[in-house]
Amino acid sequence: MSANESPATPQPTATTYESAFMKACRREPVPHTPVWFMRQAGRSLPEYRKVREGIPMLESCMRPELVTEITLQPVRRHNVDAAIYFSDIVVPLKAIGIDLDIKPGVGPVVERPIRTREDLAQLRDLTPEDVSYVTEAIGLLTRELGSTPLIGFAGAPFTLASYLVEGGPSRTYENAKAMMYGDPELWADLLDRLADITAAFLKVQIEAGASAVQLFDSWAGALAPADYRHSVLPASAKVFRAVEGYGVPRIHFGVGTGELLGLMGEAGADVVGVDWRVPLDEAVRRVGPGKALQGNLDPTVLFAGTEAVETKAREVLDAAAGLEGHVFNLGHGVMPSTDPDALTRLVEYVHTQTAR
């Protein structure tokens, strides 16, 4: 047993292990192309808005029974092939004491941005006790989900660093990039510390029963390939290495990362997520052999009517025809004003069209 393994780690049930989603991640033959959607649990669902009413986002992530209900809602409604654990990428930062909040219409806002070496002291190690509500929620979820796999997730070190250094969302990442270029040692230490926190957060989820994990590097597309390789890839690779021993599929996703797809696969993922900008048959060339792909319908297509959705979904499926493993998804998250019925119809369409 390696240092990355735990004797207490729940083993996936035979039905979960043999599910279409898990088979696709392992690049094995599937009964149909599996489908799930990033942000499938959330504001597009009226039942979500109802149960979240009056509850701040971060608080909702810390209530196990509420997390369970929200995570299950799209599985019930859409018949997707996997559930994604309902949380937010800043939850582990909040859990270790970072003074931040998620402000409606803005996003995560950090009270004391990290700009100096002294500021690194804010980032202590994450322990399972810090996020006991995650362990409890995943225990509830896996009992309810049965044969449907649960995907755990975390924000990647670069994206977390961007929020911490900028103090909130940014279009230019000027402070983060200034640190990366101007104080590369501090930048490397920041990302390394975030890699440890992220890995610990993923381990908690896997040990509680998550069948797979996804690392969201939402803002990595802001980087040139050389900068990504030198200044970001080592930290992401550290996260993937830390959970390798558990044997669960590891997914890596970013937005606007067409030029980085090969490097993102190189970081250690089993499955590389692709946004809508690069066709999957081109993405597989960039990523190289030995990886499954996930994606990549443009989420705005869902506003165009059933015929257009099916036409564009067919294009994605045709581009994926030669892949060893394909998980159908959007090229980014479900948009809040999306008609939920459009998602339900899309799942049924993909299942029907790809039935073996």
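Considering every Cα-Cα pair within the chain, what fraction, in whole percent, is farther apart than 27 Å? Everything past 27 Å amounts to 43 percent.
Taking the charge dipole of the chain about its Cα centre, with +1 at Lys and Arg Cβ atoms and -1 at Asp and Glu Cβ atoms, the residue from HIS230, SER60, GLY97 reaching farthest to the positive side is SER60.
For the set GLU310, GLU266, GLU129, solvent exposure ranked by accessible area (probe 1.4 Å, protein chains only) runs largest to smallest as GLU129, GLU266, GLU310. In the context of the full protein assembly, LEU293 retains an accessible surface of approximately 0 Å², using a probe radius of 1.4 Å and ignoring ligands and nucleic acids. Of the whole protein surface, MET57 contributes about 40 Å² of accessible area at a 1.4 Å probe radius. Surface calculation, 1.4 Å probe, protein heavy atoms: HIS230 sits at approximately 140 Å² accessible. Checking the Cα-Cα distances for LYS103/LYS291; LYS238/LYS291; LYS94/LYS177; LYS94/LYS238 against a 26 Å cut-off, the pairs over it are LYS103/LYS291.
When the chain is treated as a Gaussian network with alpha carbon springs shorter than 10 Å, the biggest mean-square fluctuation among ARG27, ARG285, ARG314 belongs to ARG285. Given R0 = 51 Å, the distance between the Cβ atoms of ARG43 and GLU118 translates into a calculated FRET efficiency of 0.85. Beta bridges assigned by DSSP with both partners in the chain are antiparallel in approximately 15 percent of cases. Each residue of segment 30-47 was assigned a 3J(HN,Hα) from its phi angle through the Karplus expression (A = 6.51, B = -1.76, C = 1.60, θ = phi - 60°), giving 10, x, 6, 5, x, 10, 8, 10, 4, 6, 5, 9, x, 5, 6, 9, x, 5 Hz with x at Gly and Pro. Dipole magnitude for the chain: about 380 debye, using +1 per Lys or Arg Cβ and -1 per Asp or Glu Cβ, origin at the Cα centre. Full extension of the segment from ARG356 to LYS50, taken as 0.36 nm per residue of separation minus the current Cα-Cα distance, would add 106.3 nm.
Sorting LYS312, LYS50 by accessible area puts them as LYS50, LYS312; the probe is 1.4 Å, largest comes first, and only protein heavy atoms count. Residue separation of ASP298 and GLU144 scaled by 0.36 nm, minus their Cα-Cα distance, works out to 52.4 nm of gained length. Taking a probe of 1.4 Å, how large is the accessible area per residue of the chain, in Å²? Counting only protein heavy atoms, the per-residue value for the chain is 41 Å². FRET efficiency for the GLU59 to ARG229 pair, using the beta carbon distance and R₀ = 45 Å, is estimated at 0.70.
Based on DSSP H runs of at least 4 residues, each adding -39500 (n - 2.57), what is the mean residue ellipticity at 222 nm of the chain after dividing by all its residues, to the nearest 500 deg cm²/dmol? About -13500 deg cm²/dmol.
Note on exposure: ASP196, ASP119 ranked by accessible area (1.4 Å probe, complete protein assembly) read ASP196, ASP119, with the most exposed listed first.
The values are calculated or read from the model by the stated rules, or taken from the named source; none is laboratory data. Values in this document were obtained by computation on a predicted structure and should not be read as measured data. Note: ideal-geometry Cβ built from the backbone for every residue, glycine included; neighbour counts use all protein chains shown. These area figures cover heavy atoms from the full protein model, side chains too; ligands, DNA and RNA do not enter into them. Shrake-Rupley method; radii C 1.70, N 1.55, O 1.52, S 1.80 Å.
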